[in-house]
Amino acid sequence: MKFNINQQDLQQALNYCQGVIEKRSTLPILSNILLDANNSNLTITATDLDLIFIHQIKNVEILELGSTTTTSSIMYDIIRKFTSGKKINLSLKDESKLQVESEKSLFNLNCINASEFPLTDENFNQNEFSIKSKQLLKLLNKCKFSVSNDETRHYLSGIYLHQTEVEDKIYLTAAATDSHRMSISKVRLENKIEFEPIILPKKTIFQLCSLLDNYDGEVKVSNAKSKIKFELDNSILISKLIDGKFPNYIQVIPKNNQKKLELDLKLFLDSVDRVASVSLDKKDGVKFNLSKDVLNLSVNNTNSGDGKESLNVSFDHELEISFNSRYLIDVASQLDGEKIEVYFNDTGSPALIKDPGDFDSIYVVMPMKG
């Protein structure tokens with residue numbers, strides 16, 4: 001195997017691989033990436049056995065066909081320190097050494113034979129649909145911060161993706177909750193698709209987001225029983241799914257929150273962020289003291305002090321309620337419009353947050369006790 005490649009192309013591909021490969025893998029081969037050079041393409045594959053990432057770099061100058069595997073983290077560290085955009089020459093000297101050369105640098109990296117790399121033959125059914133990359137990214141971004149970190153309730157540690165129908169319109173809907181807060185977002189589909197509801201694992205979500213951030217185009221999605229496959233122009237991501245039943249989230253959406261608070265989004269975000277600064281671990285509740293058209297925010301921490309701030313808002317009731325500041329900041333950071341709308345019922349009931357700039361996304365946040 002022998003080929004020449006542009007530094008930036010290789011660095012970007014290896015950067016994606018870093019997100020897939022487990023840092024502390026028990027099997028040495030899983031710390032490696034598979035490099036396969038043929039027909040003027042270099043295909044790079046990384047896996048942790050739950051997630052497989054395959055990336056193709058086209059128009060590579062291939063002098064000898066072949067394949068090998070080498071340690072992902074070391075190769076990435078070297079490649080990113082080479083001069084940006086320069087040519088890198090790679091050649092397999094013998095079964096166990098890959099030579100990497102650029103300008104005046106020369107490295108020989110240890111290799112493991114490509115035949116040891118665990119590749120599964122994926123058989124995906126024809127249930128395939130396409131979605132614009134920015135739409136899929138929107139669904140993931142609006143929901144990912146609500147995914148649970150609780151290992152015991154594994155069915156909450158992902159985003160629930162499913163097809164829904166509202167007034168004869170078809171949507172791909174995403175929902176996530178950690179039981180303290182919930183995000184729901186949907187995008188319109190042109191027609192009905194063959195798609196079983198799935199729970200997408202957290203690691204897959206973040207990997208997919210980093211791919212979609214740099215890609216504008218169609219994404220082909222197909223799912224087999226326990227796996228899902230996302231195809232972009234030059235990348236494929238195949239992931240195992242979370243086995244479990246996602247709770248009936250519709251029941252949790254408050255139905256009778258009639259007290260509407262409306263205010264400027266940026267003012268709200270900055271204000272909550274400032275007041276929460278007095279709390280060291282951000283675990284203290286931000287207290288809302290609401291009266292007609294005024295919101296008083298306060299945080300009180302016995303160890304570090306207290307902070308208060310007052311905002312002019314649109315509100316027609318009186319209410320006192322407390323929230324975890326982190327949850328409010330997470331939600332507010334994802335809103336698209338100029339304003340934020342919060343609907344309350346009473347002190348002990350969850351609040352419903354809406355984005356006037358995006359009617360297809362809603363958020364529910366539980367209040368803090370006390």
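Conditions tested, residue by residue: (1) touching a Pro at 6+ places or on another chain (Cβ under 9 Å); (2) within 22 Å of THR173 (Cβ to Cβ); (3) surrounded by fewer than 16 Cβ atoms within 10 Å (Cβ to Cβ).
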| position | (1), (2), (3) |
| --- | --- |
| ASP293 | no, no, yes |
| ASP306 | no, no, yes |
| HIS317 | no, no, yes |
| ASP330 | no, yes, no |
| GLN334 | no, yes, no |
| LEU352 | yes, yes, no |
| TYR363 | no, yes, no |
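Among the residues of the stretch 354-370, the one identified as closer than 20 Å to PHE315 by Cα, part of a strand (DSSP E or B) and out of contact with any Ser or Thr (no Cβ under 9 Å at 6 or more places or on another chain) is VAL365. Confirm whether LEU49 is within 16 Å of GLU116 (Cα to Cα), surrounded by fewer than 20 Cβ atoms within 10 Å (Cβ to Cβ), hydrophobic (A, V, I, L, M, F, W, C) and within 24 Å of the chain's Cα centre (by Cα). Yes: the conditions hold for LEU49.
For first residues located in the stretch 334-363 and free of Cβ contacts under 8 Å to residues at least 40 places away in the same chain and more than 23 Å from SER179 (Cβ to Cβ), partners that are surrounded by 20 or more Cβ atoms within 10 Å (Cβ to Cβ) and not charged (D, E, K, R) and lie 6+ apart or on another chain with Cβ distances below 7 Å form the pairs GLY357/LEU335. Quick one: in the stretch 87-139, which of the residues that are in a helix (DSSP H, G or I), of a type in the set (S, T, N, Q) and in contact (Cβ under 8 Å) with a residue 24 or more places away in the chain is nearest to ILE236 (Cα to Cα)? Here the answer is SER133. Report yes if some residue within the stretch 193-204 is assigned by TED's automatic domain parsing to the domain that holds ILE242, within 12 Å of ILE131 (Cβ to Cβ) and of a type in the set (Phe, Trp, Tyr); otherwise report no. Yes. Just one of (1) within 26 Å of LYS23 (Cβ to Cβ); (2) modelled with pLDDT under 95; (3) not aliphatic (A, V, I, L, M) fails for ASN125. It is (1). Between a residue in the stretch 194-210 that is small (Gly, Ala, Ser) and any residue that is in a helix (DSSP H, G or I), which pairs come within a Cβ distance under 9 Å, given they are 6 or more apart or on different chains? What qualifies is SER210/ASN15; SER210/TYR16; SER210/GLY19.
Checking each residue of the stretch 151-173 against the condition of being under 23 Å from SER239 (Cα atoms), basic (Lys, Arg), within 13 Å of the chain's Cα centre (by Cα) and not in a strand (DSSP E or B) gives no match.
Okay, residues lined up against (1) assigned by TED's automatic domain parsing to the domain that holds ILE205; (2) on the phi < 0 side of the Ramachandran plot; (3) exposed (fewer than 15 other Cβ atoms within 10 Å of the Cβ); (4) at pLDDT 95 or above:
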{"position": "THR26", "(1), (2), (3), (4)": "no, yes, yes, no"}
{"position": "ASN39", "(1), (2), (3), (4)": "no, no, yes, no"}
{"position": "ASP77", "(1), (2), (3), (4)": "no, yes, yes, yes"}
{"position": "LYS86", "(1), (2), (3), (4)": "no, yes, yes, yes"}
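Among the conditions (1) more than 21 Å from SER146 (Cα to Cα); (2) of a type in the set (Asp, Glu); (3) outside any strand (DSSP E or B), ASP281 misses just one, which is (1). Is it the case that some residue within the stretch 215-233 is over 23 Å from the mean Cα position of the chain (by Cα), crowded, with 16+ Cβ neighbours inside 10 Å and either modelled with pLDDT of 95 or more or not in a loop (DSSP other than H, G, I, E, B) (or both)? Looking through the stretch 215-233, none of the residues is over 23 Å from the mean Cα position of the chain (by Cα), crowded, with 16+ Cβ neighbours inside 10 Å and either modelled with pLDDT of 95 or more or not in a loop (DSSP other than H, G, I, E, B) (or both).
For the stretch 250-262, indicate whether the set of residues that are buried (at least 16 other Cβ atoms within 10 Å of the Cβ) and either part of a helix (DSSP H, G or I) or small (Gly, Ala, Ser) (or both) is non-empty. Scanning the stretch 250-262, I find no residue that is buried (at least 16 other Cβ atoms within 10 Å of the Cβ) and either part of a helix (DSSP H, G or I) or small (Gly, Ala, Ser) (or both), so the answer is no. Kindly establish whether TYR155 is in the same structural domain as ASN234 (by TED's automatic domain parsing), over 24 Å from LYS23 (Cβ atoms), in contact (Cβ under 8 Å) with a residue 24 or more places away in the chain and surrounded by fewer than 20 Cβ atoms within 10 Å (Cβ to Cβ). Criteria met by TYR155. For the subset of the stretch 140-150 comprising residues that are outside any helix (DSSP H, G or I) and in contact with a helix residue (DSSP H, G or I) (Cβ under 7 Å, 6 or more places away or on another chain), which member is farthest from LYS86 (Cα to Cα)? Here the residue is ASP150. Among VAL299, VAL313, VAL275, which is surrounded by 17 or more Cβ atoms within 10 Å (Cβ to Cβ) and touching a helix residue (DSSP H, G or I) at 6+ places or on another chain (Cβ under 7 Å)? Only one candidate passes the filter, namely VAL299.
Out of LEU98, LEU90, LEU106, one residue alone is of a type in the set (A, V, I, L, M, F, W, C), surrounded by fewer than 12 Cβ atoms within 10 Å (Cβ to Cβ) and over 30 Å from PRO197 (Cα atoms). It is LEU106.
The values are calculated or read from the model by the stated rules, or taken from the named source; none is laboratory data. Just so we're clear, the structure is a prediction, and the values are computed from it rather than from any experiment. Here the Cβ is made from the backbone with ideal geometry for all residues, glycine too, and neighbour counts use every protein chain on show.
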